[in-house]
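First up is the structure itself, then whatever we jot down about it.
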Amino acid sequence: MLQLENVTHAYDGRTVLHDVSADLTERRIGVIGANGSGKSTLARMLNGLLVPDSGRVLLDGRDTRRYAKEIRRRVGFVFADPGTQIIMPTVGEDVEIGLRGSGLSRIEIEERVERILRRHGLDGHRDHPAHLLSGGQKQMLALASVLVTEPEILVCDEPTTLLDLRNVTMIQRTLRTLPQQIVLLTHHLDTLGDFDRVLVMDEGRIVFDGVPDVAVAHYTQLMRRRLDDPPREEPPEPVGGEPAP
Ligand SMILES: Nc1ncnc2c1ncn2[C@@H]1O[C@H](COP(=O)(O)OP(=O)(O)OP(=O)(O)O)[C@@H](O)[C@H]1O
Ligand SMILES: [Mg+2]
């Protein structure tokens, strides 16, 4: 189980996570919240990409500070922009690189790569230059390259943000069928309908934690209130010249 214990974090002296605690026991957990509310910062802590200034992040009781390597293997991470994640020239090589040093035989590696490409609709693209794939195919490849390493948990930071409706649906369906525990950050609120739990983040805190429809309603109201009551702006300096007609 992933646990956040009193996690606080600042960038350049500005605190962006304030004393966040949660036990992530459910199989499918969504995280929503405004831009800049701290979702990605939190997500990066779940596999040790980032360690908190204070507090602890634990996987089965093991601190990400001490067990970074093991935890990074057990918790896979998918980014919004697959371009940042695809590192090899061809589709097949990009999937295969994750299995380097795995101790699997050549034949086992071949089989795993074939299987995962087939499952993600990329069979036939094995020798294709990765950068020539469509946006949706690139996101499928990024997902495949993480899943081939068989992580127990998958953290996805807005995997559908850059995609068109067809590819959003494709990724949503794929995520739905995975056996892994999933922590999904998204602005596509309709993705979360059948999730077990949704966290709403605001200004570095979890401000709601519950079932999807109530969480989405909470978030929607929060954003509506903020639109109705925006932060006050200084009035513009009066400038000289002709009055407007
Ligand atoms: N590497 C960094 N250095 C400095 N500040 C950062 C860094 N990463 C994030 N921040 C700041 O931390 C705050 C939280 O950012 P974060 O990326 O976690 O938000 P988010 O909820 O994921 O937003 P979005 O919905 O836009 O992805 C923001 O104010 C952001 O500017
Ligand atoms: Mg983010």
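Whenever a residue of region 172-199 is without any contact (Cβ under 8 Å) to a residue 40 or more places away in the chain, its partners that are of a type in the set (V, I, T) and more than 16 Å from ligand 2 (Cβ to nearest atom), lying with C-beta atoms within less than 7 angstrom and at least six residues away or across chains, give the pairs L175/I182; H188/V168.
Comparison of L59, L42 shows that the only residue that is more than 16 Å from ligand 1 (Cβ to nearest atom) and crowded, with 17+ Cβ neighbours inside 10 Å is L59.
For region 39-85, a residue qualifies if it is β-branched (V, I, T) and within 15 Å of ligand 2 (Cβ to nearest atom), and the qualifying residues are T41, V78, T84.
In region 106-127, is there at least one residue being at pLDDT 90 or above, more than 15 Å from the chain's Cα centre (by Cα), buried (at least 21 other Cβ atoms within 10 Å of the Cβ) and among the basic types (K, R)? Checking region 106-127: not a single residue is at pLDDT 90 or above, more than 15 Å from the chain's Cα centre (by Cα), buried (at least 21 other Cβ atoms within 10 Å of the Cβ) and among the basic types (K, R). Picking from residues in region 159-186 that are at pLDDT below 95 and within 14 Å of the chain's Cα centre (by Cα), the one that is nearest to F77 (Cα to Cα) is P159. Selection over region 1-39 of residues that are more than 12 Å from ligand 1 (Cβ to nearest atom), of a type outside the set (A, V, I, L, M) and in a strand (DSSP E or B) gives a count of 9. Identify the residue in region 134-174 that is in contact with a His (Cβ under 7 Å, 6 or more places away or on another chain) and not in a helix (DSSP H, G or I) and, among all such residues, is surrounded by the most Cβ atoms within 10 Å (Cβ to Cβ). Out of the qualifying residues, it is T160. Quick one: which of V239, V198, V211 is surrounded by fewer than 13 Cβ atoms within 10 Å (Cβ to Cβ) and at pLDDT 95 or above? The conditions single out V211.
Considering only residues of region 187-197 that are among the charged types (D, E, K, R) and not in a loop (DSSP other than H, G, I, E, B), which is farthest from R74 (Cα to Cα)?
Initial filter on region 187-197 (among the charged types (D, E, K, R)): 190, 194, 196-197.
Subsequent filtering for residues that are not in a loop (DSSP other than H, G, I, E, B) retains 190, 197.
Values: D190: 28, R197: 21 Å.
Taking the candidates together, the pick is D190.
Annotation: of all residues in region 49-87 being touching a residue at least 60 places away in the same chain (Cβ under 8 Å) and assigned to a loop (DSSP other than H, G, I, E, B), the one that is farthest from L162 (Cα to Cα) is Q85.
The values are calculated or read from the model by the stated rules, or taken from the named source; none is laboratory data. Not measured: the values here are computed from a predicted model. Please note: Cβ atoms are built from the backbone with ideal geometry, for glycine as well, and neighbour counts cover all protein chains shown.
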